[in-house]
Amino acid sequence: MEMSSGQQNLDSVVELAKEQNICAVEKFGELREELLIAREESRVAREQHTCHTSVTQVIAALREAGLESSNLILGIDFTKSNEWTGKYSFNRKSLHAIGSTPNPYEQAISIIGRTLSPFDEDNIIPCFGFGDASTHDVGVFSFYPDDRCCVEFEEALARYKEIIPYLRLSGT
């Protein structure tokens with residue numbers, strides 16, 4: 001018995017639908033596999049980029065990443081931009097304002113010092129400033145007139161606090 005052309009068309013449509021369904025199932029499987037891989041990559045990335053909540057954790061992470069030694073050099077920006085930036089970000093004060101609360105530079109010196117000093121074998125830290133009225137944008141000055149270095153970050157922080165009252169910020 002011969003099929004009618006309508007039946008043949010219907011059979012062709014059914015066959016095409018089956019093929020498309022098979023393709024859709026295969027595509028779904030591929031997309032699902034890609035999603036699972038992406039989730040795993042995301043989980044690994046989150047584990048690797050967790051927020052370290054202590055200096056000890058950061059030191060451990062640096063050691064794990066392969067840091068063995070570091071020679072610190074401190075360079076501080078004494079341009080006037082610290083005044084207008086502080087107006088918006090440091091309670092309307094210069095970022096170099098010395099007071100009962102550590103300013104952003106004091107915080108940075110302390111955090112960087114505590115974090116990297118375990119990797120600094122000699123604890124000698126050359127300390128320089130730039131952008132003040134004496135150097136402008138053409139030079140640097142040492143924290144000490146005889147160009148000696150600070151020994152350990154605590155001295156660098158103390159010397160920073162000592163020189164701040166005598167510096168005039170420069171630039172626009």
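Summed over region 89-109, residues that are in a loop (DSSP other than H, G, I, E, B) and open to solvent by less than 40 Å² (accessible area, probe 1.4 Å) total 6. Residues being over 18 Å from V55 (Cβ atoms) and of a type in the set (A, V, I, L, M) are represented in region 105-125 by at least one member. From the list G75, G131, G86, which residue is under 18 Å from G171 (Cβ atoms), surrounded by 12 or more Cβ atoms within 10 Å (Cβ to Cβ) and touching a strand residue (DSSP E or B) at 6+ places or on another chain (Cβ under 6 Å)? Answer to the selection: G131. Whenever a residue of region 97-124 is without any contact (Cβ under 8 Å) to a residue 40 or more places away in the chain and closer than 11 Å to L72 by Cβ, its partners that are assigned to a helix (DSSP H, G or I) and open to solvent by less than 40 Å² (accessible area, probe 1.4 Å), lying with C-beta atoms within less than 9 angstrom and at least six residues away or across chains, give the pairs N123/S117; N123/F153. For region 59-85, a residue qualifies if it is of a type in the set (G, A, S) and in contact with a helix residue (DSSP H, G or I) (Cβ under 9 Å, 6 or more places away or on another chain), and the qualifying residues are S69, S70. Residue count for region 130-172, restricted to those that are under 27 Å from V58 (Cα atoms) and free of Cβ contacts under 8 Å to residues at least 60 places away in the same chain: 8.
Has region 52-66 got at least one residue that is at pLDDT 90 or above, open to solvent by 100 Å² or more (accessible area, probe 1.4 Å), part of a loop (DSSP other than H, G, I, E, B) and under 30 Å from K161 (Cβ atoms)? No.
When we screen S134, S110 for residues that are of a type outside the set (A, V, I, L, M) and closer than 14 Å to A156 by Cβ, the only hit is S110. For region 116-172, filtering for residues that are assigned to a helix (DSSP H, G or I), charged (D, E, K, R) and more than 22 Å from E68 (Cβ to Cβ) leaves 5. Being acidic (D, E), modelled with pLDDT under 95, within 21 Å of the chain's Cα centre (by Cα) and part of a helix (DSSP H, G or I) narrows it down to one residue among E47, E19; which is it? Only one candidate passes the filter, namely E47.
The values are calculated or read from the model by the stated rules, or taken from the named source; none is laboratory data. Note that this is a predicted model, so its numbers are computed, not measured. Because the Cβ atoms are built from the backbone with ideal geometry, glycine has one as well, and the counts that use them run over all protein chains shown. Remember, those area values only see protein heavy atoms, side chains included, never the ligands or the DNA or RNA. Shrake-Rupley method; radii C 1.70, N 1.55, O 1.52, S 1.80 Å.
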